[in-house]
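Inspection log for the structure reproduced underneath, given as structure tokens.
The values are calculated or read from the model by the stated rules, or taken from the named source; none is laboratory data. Quick caveat, the model's predicted, so the values are computed rather than measured. FYI the Cβ positions are ideal-geometry reconstructions off the backbone, even for glycines, and counts take in every protein chain you see. Please note that ligands, DNA and RNA were not included when accessible areas were found on the heavy atoms of the full protein model with its side chains. Shrake-Rupley method; radii C 1.70, N 1.55, O 1.52, S 1.80 Å.
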Amino acid sequence: MTPIIQAKGLSRFYGIVMGLNNVSFEIGDGLTGLVGPNGAGKTTLIRLITGQIRPSAGDLLVFGQRPWNRPDVLRRIGYCPEGDAIHGELNPIDWLVSLGCLSGLNKATALARSVQMLDRVGLEAAHRRKSVGRFSKGMKQRVKLAQALIHEPDLLVLDEPMNGLDPMGRREISDVLLKLAEGGVHILISSHILPELESLCSQLVMMNWGRVLAAGSQQHIRNDLHTWSERVTIRCDQPSVLARHLLDGGLIRGFEIEPDSDAVILTLQDPPDFYRRWTQVVLESQVAVFEIRSETRSLNQIFERVTT
Amino acid sequence: MSRNEAVTPPPVSDVGPDLGQAADALWCLVWKSRLTVRRLPRMIILVALLPLLALITSSDSHIRGFLMIALNFHLGIVIPLVCLIQMAAPIRDEAEQGTLPFLATRPLPRTTFFLLLHGCHLLWLEIVFLVAGLLLLAAGFYLEVPDITEMIGPFLLAQAGALVAFSGLSALIGLLTRRYLLLGLLYGSVIEVGIGGIPTNINVLSLSHHVRVVVSVFDPADLFLRSNSGTALISGLVLIATGVIAAVLAALVYRGREFAGGPDA
């Protein structure tokens with residue numbers, strides 16, 4: 001059994017500009033979110049997955065094969081690119097029929113599927129014979145999603161598909177994606193806004209600076225990233241003395257004293273090590289501790305922290 | 001994300017479209033995106049300009065003026081230039097507009113996709129120039145150019161051959177460099193105008209020479225061009241072979257090249 005997408009030491013450079021830097025991960029079935037700020041390497045990764053570009057180093061397998069110039073792999077992928085560039089002179093039906101035929105459907109099937117997919121993405125019948133170039137961004141997004149679905153792919157790769165959609169449109173598209181996932185379609189969806197994906201995707205791949213910061217289930221990522229930069233607030237009678245002892249003991253990276261509340265906010269060096277040793281250090285410092293409070297952050301707060 | 005329990009890919013029943021189906025789909029995209037209200041005026045100007053020019057400039061010396069427009073200007077300058085502008089960059093244009101990913105991620109081998117797209121653009125150009133050529137010949141008929149009806153066959157065949165040859169060459173140049181216009185003009189001035197104008201056998205290197213040989217089946221054209229150093233059949237085959245070989249080479253270049261833009265925005 002192989003994962004749907006598998007990257008090993010994958011790098012991609014554009015001349016001297018780094019797009020992806022030595023990333024390794026696996027993506028399984030279901031809905032997976034690819035999240036990272038602009039320039040994180042999401043689009044580069046998506047272009048590699050959809051066979052538009054080749055790796056500079058390392059290996060990328062989709063359905064167990066390299067996707068570059070492989071019709072048998074591309075047949076199974078539906079791709080919705082970022083941006084609203086589209087063959088604007090055509091109406092959505094003509095455009096979808098042509099793209100459906102290019103994906104291996106005959107004309108009659110492509111026509112039937114076009115109508116079906118436009119129904120599914122919620123493009124009203126009244127707009128289906130108008131030029132796509134006259135559409136709003138949200139309508140174009142729906143048509144783009146329909147073209148990715150027309151040949152009923154096994155893997156749907158969507159690059160920022162929610163851009164330009166109003167909240168109701170986002171919900172409708174989310175519902176469509178959830179139904180597709182329930183039907184067995186594997187979906188990789190990218191966004192630079194984590195909350196957009198948090199409610200939709202069971203699995204996440206977090207990226208920044210061309211690297212994968214974390215990948216896995218939301219809980220796994222939360223646990224993983226929590227250790228990166230945990231902060232603890234301690235209220236005691238001598239905050240500066242406690243801070244000095246903890247600093248000397250190598251348990252914290254920095255601290256901040258709040259004089260009004262006799263509290264010290266600690267940035268931990270190594271959270272597991274801190275929780276093992278901190279009671280001993282407090283006893284040695286002879287400081288009276290009144291309260292200890294660990295910050296519980298949402299996934300988004302953690303994500304924002306590690307990507308800024 | 002380590003997932004040992006990952007999914008077994010379902011069997012692939014259908015690898016991709018057959019060639020006719022893919023060609024039909026691309027052809028629909030090409031002609032429907034070309035024949036639009038926005039583009040129509042430009043096309044009408046392209047088609048009607050030369051007949052009008054022939055009518056205006058040929059009033060004094062009917063035959064010579066008309067042949068100058070039809071053979072030297074139309075076949076010798078307009079067709080190579082239009083091919084260079086229109087046929088060198090279909091892939092680059094799609095990539096720059098951001099529409100290439102919709103086509104290039106379909107299940108077609110890259111060489112096949114390129115050749116089909118090139119063929120569709122060439123077919124469109126052949127149709128447009130067929131109309132333009134017939135209008136030009138109609139202008140000759142109006143100007144009472146002697147034996148004009150005998151010119152129809154050689155002229156249209158030479159035009160079709162020129163389009164195939166110059167389109168293929170333009171496609172190759174367009175894939176080799178982003179500065180295809182500069183390289184094309186350089187090629188045109190050195191090979192077509194320079195070497196092609198030398199009145200020795202070396203001019204067989206020039207495609208324009210072969211175009212002139214094909215059209216010289218029409219006697220007045222032969223007298224006008226004085227390029228009877230070859231047989232029309234061979235020259236016609238040279239034009240087609242050049243176009244096909246250049247297009248195949250371009251497809252092989254496309255097979256190995258990426259046109260998906262730079263790093264993420």
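Side notes on the structure shown:
- Lone unmet requirement of (1) of a type in the set (A, V, I, L, M, F, W, C); (2) within 9 Å of chain B (Cβ to nearest Cβ); (3) open to solvent by less than 20 Å² (accessible area, probe 1.4 Å); (4) over 14 Å from B:Glu258 (Cβ atoms) for A:Met18: (3)
- Any hit, segment A:25-38, residues being part of a helix (DSSP H, G or I), facing chain B (nearest Cβ under 8 Å) and either out of contact with any Lys or Arg (no Cβ under 7 Å at 6 or more places or on another chain) or surrounded by fewer than 24 Cβ atoms within 10 Å (Cβ to Cβ) (or both): no
- Consider segment B:32-48 and keep the residues that are surrounded by 14 or more Cβ atoms within 10 Å (Cβ to Cβ) and over 17 Å from A:Leu90 (Cβ atoms). The one that is farthest from the other protein chains (Cβ to nearest Cβ) is B:Ala48.
- Qualifying residue in segment B:194-204 (condition: in a helix (DSSP H, G or I), open to solvent by 40 Å² or more (accessible area, probe 1.4 Å) and out of contact with any helix residue (DSSP H, G or I) (no Cβ under 8 Å at 6 or more places or on another chain)): yes
- Scanning segment A:247-281 for residues that are open to solvent by less than 50 Å² (accessible area, probe 1.4 Å) and not in a strand (DSSP E or B) yields A:Gly249, A:Gly250, A:Leu251, A:Ser261, A:Pro271, A:Asp273, A:Phe274, A:Trp278, A:Val281.
- Here A:Trp95 clears all of (1) outside any loop (DSSP other than H, G, I, E, B); (2) facing chain B (nearest Cβ under 7 Å) except the condition numbered (2).
- Of all residues in segment A:41-48, none satisfies being crowded, with 22+ Cβ neighbours inside 10 Å, hydrophobic (A, V, I, L, M, F, W, C) and not in a helix (DSSP H, G or I).
Residue-by-condition table, conditions (1) assigned by the TED database to the domain that holds A:Ile292; (2) among the β-branched types (Val, Ile, Thr); (3) in contact with a His (Cβ under 8 Å, 6 or more places away or on another chain):
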| residue | (1), (2), (3) |
| --- | --- |
| A:Leu246 | yes, no, no |
| A:Ile252 | yes, yes, no |
| A:Glu258 | yes, no, no |
| A:Asp262 | yes, no, no |
| A:Pro271 | yes, no, yes |
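- When A:Ser103, A:Ser11, A:Ser114 are checked against the criterion of being within 29 Å of A:Leu213 (Cβ to Cβ) and not aliphatic (A, V, I, L, M), a single residue qualifies: A:Ser11.
- Residue satisfying all of: in segment B:93-103; open to solvent by 20 Å² or more (accessible area, probe 1.4 Å) and touching a helix residue (DSSP H, G or I) at 6+ places or on another chain (Cβ under 9 Å); farthest from the other protein chains (Cβ to nearest Cβ) among these: B:Asp93
- A residue that is free of Cβ contacts under 8 Å to residues at least 12 places away in the same chain and away from chain A (no Cβ under 14 Å) occurs somewhere in segment B:115-130.
- Pairs, first assigned to a helix (DSSP H, G or I) in segment B:31-46, second among the β-branched types (Val, Ile, Thr) and surrounded by 11 or more Cβ atoms within 10 Å (Cβ to Cβ), C-beta under 8 Å, six or more apart: B:Met43/B:Val128; B:Leu46/B:Val82; B:Leu46/B:Val128
- Among residues of segment A:208-251, those that are modelled with pLDDT under 90 and hydrophobic (A, V, I, L, M, F, W, C), counted: 9
- Any chance B:Ser235 is part of a helix (DSSP H, G or I), polar (S, T, N, Q) and either open to solvent by 30 Å² or more (accessible area, probe 1.4 Å) or at pLDDT below 95 (or both): yes
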